[in-house]
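Trainee: This is the structure, below, for whatever I ask next.
The values are calculated or read from the model by the stated rules, or taken from the named source; none is laboratory data. Everything quoted here is computed from the prediction, not taken from an experiment. Note that each Cβ is placed from the backbone with ideal geometry, even for glycine, and that neighbours are counted across all protein chains shown. The accessibility values were calculated without ligands, DNA or RNA, using every heavy atom of the protein model including side chains. Shrake-Rupley method; radii C 1.70, N 1.55, O 1.52, S 1.80 Å.
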Amino acid sequence: MQTDDGPRKGYGPTSFWLQEPAPVFAHLDLRPGQVFLDAGCGAGEYSLYAARLLGETGRVIAVDNIALSTDALNNLPARPGEAPITAFAGDIIDTLPIDPHSVDAVFLSTVLHIKKVRDRAPEMFREFHRVLRPHAVLAVLECKKVEADFGPPLHSRLSDADVRALVQPHGFSHTSTLDTGHANLICFEAV
C-alpha cells in the first residue's frame, strides 16, 4: 500500500489491489465523524483508507482472526486529521465487542467466499445488524463468479444473487451493486 509516508505493508491477506479504492469508498459515501467496521480486515488497507475519509471525529474498528494483522494496525502512530483505528483479534462469525446501533458502515471484503464464514453467515449477519445503526450500510465486496488466475477458485466464488440470498434474510435490503472490474461491491441497508 502506498501512503504519504511511502509503501506500508500490513500483515494478512488483502484484496485492496483488485480495484481502485476511490470509487469503492465514494459508493459507500462515508462522512467525517462516522464509525466504520472493517470486518476481516486482513492487512488493514481498507481501514487505513477509511480513516483518512472519516477524519479525527470518526472511528475505525478493524477485526481479524490474525492477531499479527490487528497488532500491526494498533501499533501504527496516530496521524493528524485521521480517524483513530481500534483493531482487535477475533472471529467475525462470533459476537463482536461492539455496542448495539453504534456503527455507520460494515465492510466485508473478500471474506464471504470462505466456507467457514459462509456456513455461519446467519449468525454473522444478525450480529452486523445488531451493531449497525438503523438504515446504515453493509457492504460486501466479493470477486466476480468468473474463472481468474487470482483470488478464490471458481467453485468458492459468489454471484450477486448468492450474496443477496445470504444477507437479505437477516434484516437487510439490497440497495446497490457496484462493478469494480474484478469484483462487485454489493450494498445493503439495515432495515
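Trainee: Which one of these is farther than 21 Å from LEU30 by Cβ and in a loop (DSSP other than H, G, I, E, B): ASP91, ASP99?
Mentor: Testing whether each residue is farther than 21 Å from LEU30 by Cβ and in a loop (DSSP other than H, G, I, E, B) leaves just ASP91.
Trainee: Please work out which residue is nearest to GLY58 (Cα to Cα), limiting yourself to the range 117-138 and to residues that are charged (D, E, K, R) and assigned to a helix (DSSP H, G or I). Quick ask: steps written out before the conclusion?
Mentor: First, the residues of the range 117-138 that are charged (D, E, K, R): 118-120, 123, 126-127, 130, 133.
Next, from what is left, pick out any that are assigned to a helix (DSSP H, G or I): 118-119, 123, 126-127, 130.
Numbers: ARG118: 30, ASP119: 32, GLU123: 27, ARG126: 24, GLU127: 22, ARG130: 20 Å.
So the residue we want is ARG130.
Trainee: Related question: Conditions first: (1) part of a strand (DSSP E or B); (2) farther than 22 Å from PRO21 by Cβ; (3) among the acidic types (Asp, Glu). GLU147 passes all but one, so which condition is the exception?
Mentor: Going through the list (1) part of a strand (DSSP E or B); (2) farther than 22 Å from PRO21 by Cβ; (3) among the acidic types (Asp, Glu), GLU147 breaks only (1).
Trainee: When both residues are 6+ apart or on different chains and their Cβ atoms are under 7 Å apart, which pairs have a first residue that lies in the range 155-183 and is free of Cβ contacts under 8 Å to residues at least 24 places away in the same chain, and a second that is small (Gly, Ala, Ser) and surrounded by 15 or more Cβ atoms within 10 Å (Cβ to Cβ)?
Mentor: none
Trainee: Here is a follow-up. Name every residue in the range 58-110 that is small (Gly, Ala, Ser), closer than 23 Å to GLU189 by Cβ and out of contact with any Asp or Glu (no Cβ under 7 Å at 6 or more places or on another chain), in order of residue number.
Mentor: GLY58, SER102, ALA105, SER109
Trainee: Which of the residues spanning the range 68-84 are open to solvent by less than 40 Å² (accessible area, probe 1.4 Å), touching a residue at least 40 places away in the same chain (Cβ under 8 Å) and closer than 14 Å to GLY42 by Cα?
Mentor: Residues satisfying the conditions are SER69, ALA72, LEU73.
Trainee: OK, next. Does LEU28 satisfy the criteria of being modelled with pLDDT of 95 or more, among the hydrophobic types (A, V, I, L, M, F, W, C) and open to solvent by 10 Å² or more (accessible area, probe 1.4 Å)?
Mentor: yes
Trainee: Next up: Out of all the residues in the range 31-46, which are at pLDDT 95 or above and open to solvent by less than 30 Å² (accessible area, probe 1.4 Å)?
Mentor: VAL35, PHE36, LEU37, ASP38, ALA39
Trainee: Say whether the condition of being aliphatic (A, V, I, L, M), farther than 19 Å from GLY58 by Cβ, assigned to a loop (DSSP other than H, G, I, E, B) and touching a residue at least 60 places away in the same chain (Cβ under 8 Å) is met by at least one residue in the range 107-116.
Mentor: Scanning the range 107-116 turns up at least one residue that is aliphatic (A, V, I, L, M), farther than 19 Å from GLY58 by Cβ, assigned to a loop (DSSP other than H, G, I, E, B) and touching a residue at least 60 places away in the same chain (Cβ under 8 Å).
Trainee: Within the range 150-180, which residues are open to solvent by less than 60 Å² (accessible area, probe 1.4 Å), of a type in the set (S, T, N, Q) and not in a loop (DSSP other than H, G, I, E, B)?
Mentor: Within the range 150-180, SER156, SER173, SER176, THR177 qualify.
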